[in-house]
1. Tell me whether the range 233-328 comes out rounded, prolate or oblate; compute the Cα gyration tensor, take square roots of the eigenvalues as a ≥ b ≥ c, and use a/c under 1.5 as the rounded threshold.
2. With the Cα gyration tensor of the chain giving a ≥ b ≥ c as the square roots of its eigenvalues, does the rule (a/c under 1.5 for rounded; else a/b larger than b/c for prolate; else oblate) give rounded, prolate or oblate?
3. Could you give the size of the charge dipole of the chain about its Cα centre, using +1 on the Cβ of each K and R and -1 on the Cβ of each D and E, expressed in debye and rounded to the nearest 20?
4. From the backbone phi of the range 188-205, what are the Karplus-calculated ³J(HN,Hα) couplings (6.51 cos²θ - 1.76 cosθ + 1.60, θ = phi - 60°) in whole Hz, Gly and Pro given as x?
5. Please give the contour-minus-distance gain from residue 144 to residue 184: 0.36 nm per residue of separation, less the Cα-Cα distance, rounded to one decimal in nm.
6. Helix-derived [θ] at 222 nm for the chain: sum -39500 (n - 2.57) over DSSP H runs of at least 4, divide by residue count, nearest 500?
7. Where in the chain are the DSSP H helices whose C-alpha atoms run 18 Å or more along the long axis and whose mean Kyte hydropathy is at least 0.5?
8. Taking the full set of protein chains and a 1.4 angstrom probe, give the accessible area of residue 48 in square angstrom, rounded to the nearest 10.
Amino acid sequence: MSGGLGLEQRYRRVLRVLPGYYRDRWEEDMVAAFLDSWLTGDPYQDECIMGYCKPTWPEVASVAGLAARLYLGGAATPRRYFAWGQAVRNAVLAVLLMHAVLGLEVLVRTAWSRRLFGLPAPPASLAVFSPGGVWPAVYHVVNVAWVVIFVALALGHCRTARVLAALAIVPGLAALLQAQVTGVMPAPFGPWAWWVLFSLAPVAAMAAFHSDAPPPARLPWLLALPAGYLLVFGPVLALLATGNAAWLPDWPGVCCLLAALACLAHAPRAWSRRAAGSGVWSLTLTLLAAAAGTYRIVTLGGYLQDPHLIQVSLAELLLLVAAAALVAPDAARAQAATPAPPYPGAIAAV
């Protein structure tokens, strides 16, 4: 039967997206199961099916979803895939934490400016006056949503967090498209680079939170929200209140500095080689540093007419690269040195 291998080879090509260790064990069984779902027992029909039919789109999608879960591995996967899975999960939580901190800042400044809950009036430099209209209201709702999304994901409600996050990035996209057409951004959403790197990419990467993945460590991540707000916006509010706003870096610079500080703080553990889970966190920080560095580079185009700001931005980028270099060797070792904990069982999320 000259065309008998057509459908089989098409299935094998689809299965190439799976990791090699999984394909070696299950490819033959999967191909046999796919073919059995097509074959009728009639020799002529089966010959036509084998020669001309193709895998269906739902089958291709299911294989792609399985590949994503395996590459972003859970506890039952080899160490390399488990390390990448944990690093992506930690990076997603870190990015959502940043969104939640920004959302908390919007809520705090708005409540303070409107003197809610009996608060005293803020200094004029800290007051926020939101214009009316639909877009500002949408912007505030989105910021509140990010706080809810982060808390839901930290508590292990992954499906709820995924649905809410997918909805939360739509207004930013709509605002960017409107700005593309009209030339006016209707609300203070970020630029395209921000939306792609820190909205779309994390939402897509939430596929790493699948049923085989260990849940996140709830308490540390939840405590990171108020701690992150104080770490980031405590100095910002102090500089604004004292009239030293010119000292503040732009937001890409803040991302670079935060990633660099995190790498520097983690470097002693990365070099000790004895701290449990340090390699996964080194890999996490490398991913975050790459995202922050990319954001910094993409936004440099806005400062081409200001040499001073170009120099400041390049200094931030250099600091980030130097800090990331301290943890990069440990990140490389993590793929071979991080054991996968039992699941379910004692959950020591790294």
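The values are calculated or read from the model by the stated rules, or taken from the named source; none is laboratory data. Just so it is clear, the model here is predicted, and its values are computed rather than measured. Note that we place each Cβ from the backbone using ideal geometry, even for glycine, and neighbour counts take in every protein chain shown. These accessible areas exclude ligands, DNA and RNA; they are computed on the full protein's heavy atoms, side chains included. Shrake-Rupley method; radii C 1.70, N 1.55, O 1.52, S 1.80 Å.
1. Details: a/c = 2.92, a/b = 1.65, b/c = 1.77.
Oblate, because a/c is 1.5 or more while a/b does not exceed b/c.
2. Values: a/c = 2.20, a/b = 1.73, b/c = 1.27.
Judged from the Cα gyration tensor, the chain comes out prolate (a/c at least 1.5, a/b above b/c).
3. Details: 22 positive and 16 negative charges, 185 e Å.
Rounded to the nearest 20 debye, it is 880 debye.
4. x, 6, x, x, 4, 4, 5, 5, 5, 6, 10, 10, 5, 4, x, 5, 5, 6
5. Numbers: separation 40, 0.36 × 40 = 14.40 nm, distance 2.39 nm.
So the extension gain works out to 12.0 nm.
6. On the way: 13 runs with 240 residues, N = 350.
Result for the chain: -23500 deg cm²/dmol, rounded to the nearest 500.
7. Numbers: long enough: 20-36 (24 Å, -0.83); 57-71 (21 Å, 0.68); 79-113 (50 Å, 0.75); 134-154 (30 Å, 1.93); 158-182 (36 Å, 1.27); 218-241 (34 Å, 1.68); 251-272 (32 Å, 1.08); 278-298 (30 Å, 1.15); 307-337 (44 Å, 1.22).
Counting only whole DSSP H runs, the qualifying helices are 57-71, 79-113, 134-154, 158-182, 218-241, 251-272, 278-298, 307-337.
8. 40
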